[in-house]
Amino acid sequence: MHRIRLSENFRAVFYAPFYATLALGHFAREGVDVELINSPAPSAATAGLLDGSIDVSWGGPMRVMKARDDVNGPPIMTFCEVVRRDPFYLVARKDLDAFTLADLPRLRFGSVSEVPTPWLCLQHDLRELGLDPGSLSRVADRSMSDNVAALADGTLDIAQMFEPFAARAEREGIGRVVYAASSRGETSYTTFLATRDSIARNREAFAAMTRAVALTQAWIGRTDAEGIVEAVRAFYPDIPQADLLAAFARYRTAALWATDTNVSRVGFERLALSLQSGGFIAKLPAYEDCVVNFG
C-alpha cells in the first residue's frame with residue numbers, strides 16, 4: 001500500500017470527483033492510502049510540495065504555468081485532469097433583461113476576489129469579443145458571498161460566482177444564471193500538482209491515483225446528481241441538499257468534469273492564452289514541459 005499525503009487547496013463543490021474518489025474507496029482499491037490534508041489557503045500548497053510536508057495537491061495548472069514563467073519558479077508539474085471546464089457563472093439580478101457578454105460594460109459587475117483564474121478567463125473572452133476589460137464598472141475586492149448580498153440589495157447588476165452560490169441565488173430568488181463560463185470550451189482547470197522529485201519518487205503511487213480517478217470518472221458518467229450527492233454529502237455538511245443537487249445537475253450538463261485523466265492539450269493552451277492576455281504570465285508554456293500523463 002502506497003501512503004500519500006494529499007493537500008486540498010480549499011473545499012469546493014466543483015471538486016466533487018476528488019471527494020467521490022475517496023468516498024467510493026477508489027484510491028484504496030488501487031493500493032493508495034491517501035491522507036487528506038487541508039491547506040490554509042489556495043496558494044499555500046506549493047510551499048508544502050517544496051518542503052516535502054505533502055506529496056501532492058490538487059489545484060490549477062495555472063500555478064505550473066506561473067512557475068515556468070518565473071526564472072526561479074518552483075519545479076512543479078501537472079497530471080490527471082479532473083475539472084476540464086471553467087466552473088464559474090455570471091449571475092444577474094432577477095429583473096435583468098436578456099444578457100450576452102457584450103452587455104457587461106454597461107452593468108455594475110462584481111468579479112471573484114478569492115482566486116485569480118475566473119477573472120483571467122473572463123477578461124480573455126471579453127478581449128476576443130473586441131471589448132476592453134478595463135472599461136468595466138467592476139468591483140474586484142469582495143467575496144462571492146458579499147456579491148450575492150449586493151445582488152439582493154441592488155448595488156450590483158451581475159456577479160461572478162461558482163456553486164453553491166449560484167444555486168443559492170436562484171433558490172432565494174436573488175438572481176439567475178445568465179452565462180456559464182463552461183461554454184468557453186475546454187479549459188484545464190484542476191489537476192493534481194507535484195514536484196518533479198515527488199513524481200519520480202512516487203510514480204507508481206501517482207499512476208495508481210490516476211487509475212482511481214479514472215474509475216470515478218466512469219462512475220460519474222453513469223450517475224445522476226442525486227447519486228453524486230449521496231456519495232459526497234459528508235464533505236459538504238453546511239450546504240443545503242437542494243443547492244448541491246442543483247449544482248451537480250448543472251455541472252453534469254455543462255460537461256465540467258473530465259471524462260479521461262490526460263490533461264487536455266486544447267484546454268491547457270486555452271488556459272495559457274487566458275493567463276497571458278491578462279498579464280499573469282509573459283510567455284506561453286510548453287505542454288510537454290508542464291504535463292505528465294499516466295493514462
Just to be sure I understand, how many residues within the stretch 162-197 are in contact with a helix residue (DSSP H, G or I) (Cβ under 6 Å, 6 or more places away or on another chain), aromatic (F, W, Y) and not assigned by TED's automatic domain parsing to the domain that holds S111? 0
Among residues belonging to the stretch 246-295 that are in a loop (DSSP other than H, G, I, E, B) and among the β-branched types (V, I, T), point out the one that is farthest from P61 (Cα to Cα). T259
Looking at (1) in a loop (DSSP other than H, G, I, E, B); (2) over 19 Å from Y189 (Cβ atoms); (3) out of contact with any Asp or Glu (no Cβ under 8 Å at 6 or more places or on another chain), can you tell me which one L96 breaks? (3)
Could you list all residues from the stretch 88-124 that are among the acidic types (D, E) and either farther than 25 Å from E269 by Cα or without any contact (Cβ under 8 Å) to a residue 40 or more places away in the chain (or both)? D95, D97, D103
Just for the stretch 214-272: of the residues that are among the hydroxyl-bearing types (S, T, Y) and free of Cβ contacts under 8 Å to residues at least 24 places away in the same chain, which one is nearest to R85 (Cα to Cα)? T253
A169 vs (1) under 22 Å from P116 (Cβ atoms); (2) crowded, with 17+ Cβ neighbours inside 10 Å: all pass except (1)
Failed item, numbered, when I54 is tested on (1) more than 20 Å from T261 (Cα to Cα); (2) touching a Leu at 6+ places or on another chain (Cβ under 9 Å); (3) assigned to a loop (DSSP other than H, G, I, E, B); (4) touching a residue at least 60 places away in the same chain (Cβ under 8 Å): (4)
Quick one: L96 ticks every box in (1) at pLDDT below 95; (2) within 29 Å of A254 (Cα to Cα); (3) within 21 Å of the chain's Cα centre (by Cα); (4) of a type outside the set (G, A, S) except a single one, so which number is it? (3)
Restricting attention to the stretch 1-39, which residues are surrounded by 15 or more Cβ atoms within 10 Å (Cβ to Cβ) and of a type in the set (D, E, K, R)? R5, E8, E30
Verdict on S43 being out of contact with any helix residue (DSSP H, G or I) (no Cβ under 6 Å at 6 or more places or on another chain), outside any helix (DSSP H, G or I), farther than 18 Å from A200 by Cα and modelled with pLDDT under 95: yes
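The values are calculated or read from the model by the stated rules, or taken from the named source; none is laboratory data. Predicted model only: the values in this text are computed from it and were never measured. When we count neighbours, we look across all protein chains shown, and the Cβ atoms used for this are built from the backbone with ideal geometry, even at glycine.
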